[in-house]
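Before any comments, here is the structure.
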Amino acid sequence: MKRLFAAGLLALLLFSGSARRAAALTPTYTVSGTYRSSTYHKNLLALTKTGDPAFDTVAAALSQYTYHEGNSTADFGGNNTSGSKNYTEYNRALGTIGGSYSYAWCAAFASWCLDMAGAKESAGGSFASCTLWVDRLRELGLYSNRSSGYTPKTGDLIFFRSAGTARASDHVGIVRFVKEGRVFTVEGNSSNRVSLRDYALSDTYIVGYGKPRYEGERLSATLLSMEDKTPGLYMVTNSFLNVRAKPSSAAAKAGTLYEGALVRVDQIEEGWGRISYGGKNAYISLDYADLATPLIYTVSYTVEGESVSTQTYFSFESAKAVQAPVREGYRFSGWTDGEGRLFAAGDPLPLGDLQLTAVLETLPEEEPQSPPSAEDGIGDLNAPPVSEEGNTAPLPSPSLPEVADRAAREAGSVTGVLAAVLGLWWYIRKRLG
């Protein structure tokens, strides 16, 4: 008899991340009210903290893509697309200079991204001045000039100097990756907003690179290889992006997404990402969207209503079902997801959040048996034999003629011996007499 303990499949996490169990990237300070209600704050909270600070720094920066500076503290939400007076949430987080938040904010933005990833001290602290930041990085041995031939990595700081500028640097951004001799960046205060840029590595506008002393890097080195291949949160980087009913540019148009939209892609088919749009599956071309962060999935294992294990894995990793703990009196048959799918220990699991419940088979109870004793005939040489059917077999009884013959033979043997002895005695006596 089988006992089935089943639970339904957990719903896929919504883009908002409201059901996500993993830690999110969250501000370390109290954000302003206008920023709290903004798209950029929601984008930040949608990101999962991967534990790779270089990767998380870039993800935090991408979540703010298209944020625009404002003209007053009322514009900290980043939506004033005509603002030009440097009022930003990033300056507010760093603090006033000369009693005002209105100052160039590229360094404040890069500092804010590092802070969101828990990596502020890895780059020498937070700064509002590019020149002072370069000086500090040089003191720490964390700076390389462009002319040194150093190839920047994901999460590095990239410093620029405009022609005719005497200072060490007057602008800074964050390196996303290097591809085909070009460095791709995300920068604050670029055209008065957070922008994506790219430059030839030989571009003289670049003066050098800051190299934060990150710890726990494991994803950043593979960021480029994951692009367009890994399910995750993708940022729309084109001014607009058509949503298609099927993964083809010839398919019917289902809608439109705009620059800066952060969208969850849960499956990739030949350069097309599957998303949920209007409650239905739809597709976007990933040529016009960039990976912000991979998804993290959670698998929960339950045995007889008791949670025994919870494991997480990234969307670019493979997960396998575990072995269930031993339960006395039961045999483990596998894990069910509540939709009829059964996974044996070691079987690969599909992408997605799963709640798996053990299928246990009750073992039949054995009848108790008494220990053997002498009364059962064990060890008794005189015990009657047992037949093949398990019944006691009677010993064979000899017949009366057989008994008589045996007695006669035994008597004859004794008489013959006595006669021989007497004959020998008579012979010896006669010879001696």
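The values are calculated or read from the model by the stated rules, or taken from the named source; none is laboratory data. Quantities reported herein were computed from a predicted structural model and do not represent experimental measurements. Neighbour counts run over all protein chains shown; Cβ positions are idealised from the backbone, glycine included. What goes into the accessible areas is simple: the full protein's heavy atoms, side chains included, and nothing from ligands, DNA or RNA. Shrake-Rupley method; radii C 1.70, N 1.55, O 1.52, S 1.80 Å.
For K153, the lysines whose Cα comes closer than 29 Å to its Cα, not counting residues fewer than 8 places off in the same chain, are K42, K49, K120, K179, K211, K229.
Note on E339 and L224: the model spin-label points, each 7 Å out from Cα along the C-beta direction, lie 3.6 nm apart. Per residue, the solvent-accessible area of the stretch 184-280 (1.4 Å probe, heavy atoms of protein chains only, all protein chains present) comes to 47 Å². Ignoring lysines fewer than eight residues from K253 along the same chain, the ones with Cα atoms less than 22 angstrom from its Cα are K280. Whole Å is fine, so just give me how far the alpha carbon centre of the stretch 246-295 lies from that of the stretch 165-195. Going from one Cα centre to the other spans 27 Å. For the pair S239 and A252, the difference between a 0.36 nm per residue extended length and the Cα-Cα distance amounts to 2.7 nm.
If you take every residue apart from G141 with its C-beta less than 10 Å away from the C-beta of G141, what net charge results, scoring Lys and Arg +1 and Asp and Glu -1?
Result for the neighbourhood of G141: +2.
Quick one: net charge of F55's neighbours, Cβ under 9 Å, K/R +1, D/E -1? Taking every other residue near F55 into account, the sum is -2. In this calculation the C-beta distance from Y205 to S84 is compared with R0 = 22 Å, giving a FRET efficiency of 0.45. Length available on full extension from T26 to Y150: 0.36 nm per residue minus the Cα-Cα distance, which gives 41.4 nm.
Within a Cβ distance under 12 Å of C130, other residues only, what is the Lys/Arg minus Asp/Glu net charge? Taking every Cβ under 12 Å from that of C130, the sum is 0.
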